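Let me begin by presenting the structure, written as structure tokens, before commenting on it.
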Amino acid sequence: MQPQTREARLPQTEDPVQASGSTLSLARGDVVTMTVFGRPELTGTRYVSDQGQINAPLMGPIDVLGLSPTGAAKRIEMAYREGQYLIDPQVNLVMAAVRSQQISVLGEVGNPGRYPIETRTTVLDALAQAGGISQLGAQRVFILRRGPDGGEIPERLEVDLTAVLQTGVGRVAELRAGDTLIVPRAKLFYIYGQVNAPSSYVLRDGLTIIEAISMAGGLTQLGSVRRIEVKRRDAEGRVESYDVDVDDPVLAEDVINVKERLF
């Protein structure tokens, strides 16, 4: 057993992670810098093992899984004290690499993949990390999150990005470690005939026929707002044709045909 030594007390300082208001806790794979005041030989980089432990010098493995860096430091201090290795130890842990605290961003984004989660990471932060939403991405995205009971069926949370950007509603939609953010493909409609830019376009809520024509560059010189046909699939999957007015709504997968004027 090592001889007992009394350590001078370092003035109390806040753990940088905790001071920032973070809710991060230690998990498997995380890397911390461990400092023992007055004992430089005990200071160094430590890893949280697959068993959720930090290997502390002299003491060996100590359980820290789920603790904050401050809480883990207190537990290591207690182990040194109760094991009579140090009389008055002061341990400080600082998160060096948050390898366990990650989220997945999938779907219609520039760079889908896994990303580290930082303090108060919002949906918008995660989308920016992933290169933004692609041209075909929807404005309603979904968060898949492990349920409160830890079961296999995740919670599914919807976030309306249009509301977030325009009115601030949902601005507090923050992500947690293990979340999966999914950006689905947007619903589309198709327009051809006597419009200047026939193509497929992303359908937004409440879009009308006249607004769809505007998105397609407007009518050509031969186009008529009185001769518009929509091909639409019914509940049984059959495609039906309808004559529509300019104020009628556009539905997902509509095929709009703007015909020529009769005279």
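The values are calculated or read from the model by the stated rules, or taken from the named source; none is laboratory data. Please read all numbers here as calculations on a predicted model, not as lab measurements. Ideal geometry is used to build each Cβ from the backbone, glycine not excepted, and the neighbour counts take in all protein chains shown.
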Could you figure out which of (1) assigned to a loop (DSSP other than H, G, I, E, B); (2) of a type outside the set (A, V, I, L, M, F, W, C); (3) in contact (Cβ under 8 Å) with a residue 40 or more places away in the chain isn't true of residue 192? (1)
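What do you reckon, is residue 120 closer than 30 Å to residue 181 by Cβ and either of a type in the set (Asp, Glu) or in a loop (DSSP other than H, G, I, E, B) (or both)?
Judged against the criteria, residue 120 is a match.
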Single residue of 151, 223 found to be at pLDDT below 90 and of a type outside the set (Val, Ile, Thr): 151
Lone qualifier among 170, 137 - being at pLDDT 90 or above and outside the structural domain of residue 48 (by TED's automatic domain parsing): 137
Matching residues in segment 204-224 - criterion: being closer than 14 Å to residue 248 by Cα and either aliphatic (A, V, I, L, M) or crowded, with 19+ Cβ neighbours inside 10 Å (or both): 207, 209, 210, 212, 213
